[in-house]
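Novice: Below is a structure I'd like to ask you about.
FYI, it's all coordinate maths here, none of it is from the lab. Note that the coordinates shown come from a computational prediction; the quantities given were computed from them, not determined experimentally. No Cβ is skipped: glycine too gets one built from the backbone with ideal geometry, and neighbour counts run over all protein chains shown.
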Amino acid sequence: MSATTAFDGKAFVRALSTAPGVYRMFAADDTVLYVGKASALKNRVSSYFNNTPKSTRIASMVSQIARMEVTVTRTEAEALILENELIKSLKPRYNVLLRDDKSYPYVLMTNEAWPRIGTHRGPRSVPARYFGPYASGLAVRDTLNLMHKLFKLRSCEDSVFRNRSRPCLQHQIGRCSAPCVGLVSGPEYGESVRRATLLLEGRSDELTGELGRLMEAASERLDFEEAARLRDLVSSIRTLQARQYVDGRAADLDVLAIAMQGASACVVLLAFRDGRNLGTRAFFPKTNGIDVPAEVLGAFVSQYYIDQNPPKEIVLDRDIPERALIEEALCRANDRKVQIRCNVRSERAGYLDIARRNAEIALAGEMTSQSAQKARLDALRELLALAEPPDRIECFDISHTMGEATVASCVVFNAEGAARGQYRRYNIAGITPGDDYAAMHQAIHRRFKRAVEENGIVPDVLLIDGGAGQVAQARSVLDALGVVGVALVGVAKGPARRPGDEELLLPDGRCVRPGADSPALQLIQQVRDEAHRFAITGHRGRRQKARTSSRLEDIAGIGPRRRAALLKHFGGLGGLKGAGVEEISRVEGINEALAERIYATLHGLETAEPARRAGGARSLE
């Protein structure tokens with residue numbers, strides 16, 4: 001069997017998000033074929049498996065893929081640094097720009113009357129200030145390009161600087177203020193050096209605050225061109241100074257995070273060794289009905305490090321039972337100190353966030369795998385007393401904001417998982433705002449009336465996100481249209497409104513609660529959550545189109561003042577979208593939770609703020 005037969009690239013892509021990150025391709029013998037970065041993982045990885053003609057090299061590489069792994073990052077810049085680290089440590093077969101750095105590059109600022117800025121490697125023999133180290137030469141070049149653009153500092157050697165009689169090309173293209181021929185005064189050039197030093201020292205808040213005041217002053221005197229230039233400078237500075245969490249500064253460290261859905265669990269391990277980020281690895285332990293994440297993670301840690309040499313520090317995304325005992329056992333077994341930590345800040349908190357995001361994505365991918373999908377379909381057949389596993393499942397959900405812009409969604413799942421090409425949305429009109437029963441009746445009627453008239457496909461199982469009232473509306477439509485052979489199931493939240501406590505209204509009238517460890521319920525949850533996501537996405541799009549306003553207005557807690565502060569801080573929506581959560585939370589009035597919602601909304605993630613509905617708030621969880 002060939003690698004392409006064993007590895008279904010299109011199925012793998014369906015589980016990916018559009019977040020930035022790094023992907024790794026593995027051959028059948030588990031050697032690394034290729035490491036690449038992407039600003040949108042789903043878009044980039046899918047390009048390898050579409051019908052577009054490929055070069056001989058790419059076609060050969062794709063034919064050898066046995067499996068793939070991805071690591072989600074917060075920003076594209078983080079993906080770039082992580083890609084560089086993984087290429088150097090893994091040495092993939094198809095990455096052609098491999099190199100073994102003997103030293104990291106630095107940015108150099110000379111100690112002279114007219115300081116020069118440039119790149120430096122090796123011994124620090126030149127009297128100067130050194131900023132770094134940087135993860136790659138590309139990162140240094142990007143920094144220098146921005147320095148020249150922002151502050152117009154010279155880059156020429158002293159021999160050239162002393163003998164110029166007219167400005168060079170760098171001055172003509174706006175990258176140097178030409179101190180060599182006296183086109184800038186000493187104090188003015190010194191001020192540019194001071195600002196560049198602030199930026200290189202990481203004191204970006206001080207610098208952007210200064211630039212922000214200048215931008216406001218330019219706007220007040222109606223110099224809008226200068227204000228726009230300063231706005232662009234602020235945006236560029238934010239891009240440069242976004243904090244990175246994949247640069248390998250932790251020398252000997254493992255970071256573990258767990259994600260669970262019902263009784264399914266995924267533990268992601270992010271490893272650092274010798275100052276290098278080795279990427280992530282996902283594990284899927286059998287929980288045997290345990291649904292407490294801390295207990296599952298604790299069992300994983302104690303079992304995994306029996307056969308593995310633990311690092312000096314293990315960071316967990318939550319406390320685990322008997323943490324002190326496990327730590328003591330690891331210390332004795334390895335005859336050295338091993339520390340297990342769960343309450344961390346700064347860089348380690350950033351590492352934990354990356355591990356959490358990757359655990360959630362890996363678990364979602366595992367839940368949509370073919371083998372797991374088949375087991376859940378068999379369980380659903382047994383639960384609903386069907387003769388065969390269902391070939392087609394449809395689920396309807398309604399979303400609106402206090403009756404505004406009501407949208408119904410219909411998602412379709414088959415034996416392979418989500419059939420996104422068959423999803424449908426229905427814009428609901430002509431009903432009393434907030435009447436979910438009427439909205440459900442209209443959506444079901446529109447869907448099945450057309451199927452009856454055109455002799456179209458009907459589902460084996462029809463899921464309704466709601467209680468007895470919504471199910472009654474769906475039943476009345478099916479009976480009126482004469483649709484038979486459809487198992488109608490209502491999915492209602494249980495008394496505690498927690499995942500796993502759902503109550504199912506079965507076709508025979510029974511109301512059952514299968515429990516979180518039921519594969520059938522896990523499938524129903526997956527389909528229901530997808531219908532919920534699809535409905536809310538459509539509702540927001542409709543509401544956004546009606547308002548024709550900033551996406552920030554969709555976020556609870558963002559009013560005019562905070563919106564203005566965000567746009568001013570990052571120089572516009574583009575700069576805000578390119579920032580990580582930590583950078584966003586540094587804006588005055590924005591806490592970490594609000595920063596998470598802003599980041600999720602701007603990147604189309606499922607952790608965005610809840611959409612208000614009649615009768616209460618519904619989240620995307």
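Novice: Based on C-alpha coordinates, I'd like the Rg and Dmax of region 374-548, in Å.
Specialist: So, for region 374-548, Rg and Dmax equal 15.5, 50 Å respectively.
Novice: Something else about it: Return the Rg/Rh value of the chain, two decimal places, where both radii are evaluated on C-alpha atoms and Rh is the Kirkwood radius. Please list the in-between numbers first.
Specialist: Numbers: Rg = 28.3 Å, Rh = 27.7 Å.
That ratio equals 1.02.
Novice: Expressed in nm to one decimal, what extension gain is obtained for the pair Glu382 and Glu295 from 0.36 nm per residue of sequence separation less their Cα-Cα distance?
Specialist: Contour length minus the Cα-Cα distance gives 28.3 nm.
Novice: With a point put 7 Å past each Cα toward its Cβ, work out how far Cys331 is from Ala593 in nm, to one decimal.
Specialist: Calculated label separation equals 3.6 nm.
Novice: Between Asp142 and Tyr437, what FRET efficiency comes out of the Förster formula 1/(1 + (r/R0)^6) with R0 = 56 Å and r the beta carbon distance, rounded to 0.05?
Specialist: 0.50
Novice: Further, regarding this structure: At R0 = 35 Å, how high is the FRET efficiency between Ala27 and His603 if r is their beta carbon distance? Nearest 0.05 is fine.
Specialist: For Ala27 and His603, the calculated efficiency is 0.65.
Novice: In the structure displayed, which of Lys152/Lys577; Lys10/Lys312; Lys42/Lys374; Lys42/Lys91 lie more than 30 Å apart, Cα to Cα?
Specialist: On the way: Lys152/Lys577 27 Å; Lys10/Lys312 40 Å; Lys42/Lys374 24 Å; Lys42/Lys91 24 Å.
Beyond 30 Å between Cα atoms: Lys10/Lys312.
Novice: Could you give the length gained by full extension between Gln339 and Glu201, i.e. 0.36 nm per residue of separation minus their alpha carbon distance, to one decimal place?
Specialist: Fully extending the segment from Gln339 to Glu201 adds 46.5 nm.
Novice: Right, something else. Label points 7 Å out from Cα along the Cβ direction at Lys577 and Arg129: separation in nm?
Specialist: 3.5 nm
Novice: Mind checking Rg over Rh on region 252-367, alpha carbons, Kirkwood formula for Rh? Present the calculation step by step, with values, prior to reporting the outcome.
Specialist: Working: Rg = 13.4 Å, Rh = 14.2 Å.
Expressed as Rg/Rh, it is 0.94.
Novice: From the square roots a ≥ b ≥ c of the eigenvalues of the alpha-carbon gyration tensor of region 478-535, which class results: rounded (a/c under 1.5), prolate (a/b over b/c), or oblate?
Specialist: Working: a/c = 2.13, a/b = 1.51, b/c = 1.41.
Judged from the Cα gyration tensor, region 478-535 comes out prolate (a/c at least 1.5, a/b above b/c).
Novice: If you don't mind, another one. Between Arg166 and Glu191, what's the calculated FRET efficiency when r is the beta-carbon distance and R0 is 30 Å? Round to 0.05.
Specialist: Values: r = 24 Å, r/R0 = 0.81.
That gives a FRET efficiency of 0.80.
Novice: Using the Cα gyration tensor of region 352-401, with a ≥ b ≥ c the square roots of its eigenvalues, what is the shape: rounded (a/c below 1.5), prolate (a/b larger than b/c) or oblate (neither)?
Specialist: On the way: a/c = 3.58, a/b = 1.47, b/c = 2.43.
Cα axes put region 352-401 in the oblate bin.
Novice: If you place +1 on the Cβ of every Lys and Arg and -1 on the Cβ of every Asp and Glu, how big does the dipole about the Cα centre of the chain come out, in debye to the nearest 20? Write out the running numbers ahead of the final one.
Specialist: On the way: 87 positive and 76 negative charges, 408 e Å.
For the chain, the charge dipole is close to 1960 debye.
Novice: Based on DSSP H runs of at least 4 residues, each adding -39500 (n - 2.57), what is the mean residue ellipticity at 222 nm of the chain after dividing by all its residues, to the nearest 500 deg cm²/dmol?
Specialist: Working: 22 runs with 266 residues, N = 621.
Result for the chain: -13500 deg cm²/dmol, rounded to the nearest 500.
Novice: Ok, one more. Which of the three applies to region 118-225, rounded, prolate or oblate, going by the alpha-carbon gyration tensor with a ≥ b ≥ c and a/c under 1.5 meaning rounded? Please report the intermediate quantities before stating the final value.
Specialist: Details: a/c = 2.05, a/b = 1.22, b/c = 1.68.
It comes out oblate by the Cα gyration axes.
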